[in-house]
Amino acid sequence: MKNYYRVMLGRKSIHAADGFAGDFIGADFEIPQDLTGDLPDDWRAFNKKFIPVFLSTHPDKTKIGAGLACGALWTVSKGIRKGDIVLCPDGSGCYRVGEVSGDYFYAPGENIPHRRPVYWLNNTIDRADMSEALKNSTGSIGTVSTITKHAVEIERLIAGVAAPSLIATDETVEDPAVFALEKYLEDFLVHNWAQTDLGREYDIYEEDGDKVGQQYPSDTGPLDILAIKKDKSELLVVELKKGRASDAVVGQVLRYMGFVLQELAEPGQSVKGVIIALDDDQKIRRALAVSPNIDFYRYQISFKLLKG
């Protein structure tokens, strides 16, 4: 199965022209060594080895930032497979489309030296032609993001067919169009975080001014949102369910919280969980009754279709 990724070629696409001219994608993260023999199939093993390496040269970074950097480096170097499709912004509102054509190679002394060869298609995709959901996914923070869930739309755009419009209307949010469908709850919440009850106590986790707490990777699956209390004393795991939540989500959140506590929390930091769903039932209420570190919130939505 072919996967799709958005890859930034340097911060703010500063090295995009080099990648397009040289037929490659790449990353840096200031780990100046050839990774050819150090790219296991499991990113967890890579992170276990290279997080200490990263922190030794970046003593100002947290374990959260180190995990994100190493995870992104592994994804570019190994996780993206030959035949996968990458969308790389060119810095002017368009995305070049490429097919990854080979394995990792190292270019010492060059910009973004951890590289993969790419065959660039003649097609470009204008950001203005994307649906709001794809705009949000391709605009996410970080070097690389997985956008496979938008495969059908991406293939339509590559073929030159614009996506249909579905527009939300709700005057109480900053950008109503962001919440086009219920399944885009995560993007809605991130964009309107400051207006929520959670936003008064917590900030979505940031590194160097970028919100890296959305879809933060863990060894049991990605965290929808990782936030931190404003006084830095507590980390918050937010799990979003697009509909009625079952009691199984309590165990899922507990696993995420365990990962955060054991792998990311600094000494003295506690961990809390939040489940956000459209509705609950008696089973989940029973489970939450003995899980005092997990809170439950309901969401409400309002949208309509506008024919063009």
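Here are some notes:
- With a cut-off of 9 Å between beta carbons, the residues surrounding Leu157 carry a summed charge of -3, where Lys and Arg count +1 and Asp and Glu -1.
- Between Lys232 and Val152, the modelled label-to-label distance comes to 4.6 nm, taking each label 7 Å out from Cα in the direction of the beta carbon.
- Each label point was placed 7 Å from the Cα along the Cα-to-Cβ direction; for Asp90 and Glu266 their separation is 4.2 nm.
- Set Lys12/Lys78; Lys135/Lys211; Lys82/Lys211; Lys49/Lys78; Lys230/Lys272 screened for pairs whose C-alpha atoms are more than 20 Å apart: Lys12/Lys78; Lys82/Lys211
- Charge tally around Lys229: other residues with Cβ under 9 Å, Lys/Arg +1 each, Asp/Glu -1 each, net -1.
- Taking the helices alone, the chain has a mean residue ellipticity at 222 nm of -7500 deg cm²/dmol, built from -39,500 (n - 2.57) per DSSP H run of at least 4 residues and averaged over all its residues.
- Cα gyration tensor shape of the range 176-298, rounded if a/c is under 1.5, else prolate or oblate by comparing a/b with b/c: oblate
- Axial C-alpha extent at least 15 Å, average Kyte-Doolittle at least -0.5 - helices from the chain (DSSP): 43-57, 63-74, 248-259
- Sites Arg81 and Arg200 - FRET efficiency at Förster radius 45 Å, r taken between beta-carbons, to 0.05: 0.60
- Approximate spin-label separation Asp41-Leu121, in nm, with each point projected 7 Å along Cα-to-Cβ: 2.9
- Dipole magnitude of the chain about its Cα centre (Cβ charges: Lys, Arg +1; Asp, Glu -1), debye to nearest 20: 620
Rule-based calculations on the coordinates, nothing more; no lab input. Just so you know, these numbers come straight off a predicted model, no measurement behind them. Neighbour counts run over all protein chains shown; Cβ positions are idealised from the backbone, glycine included.
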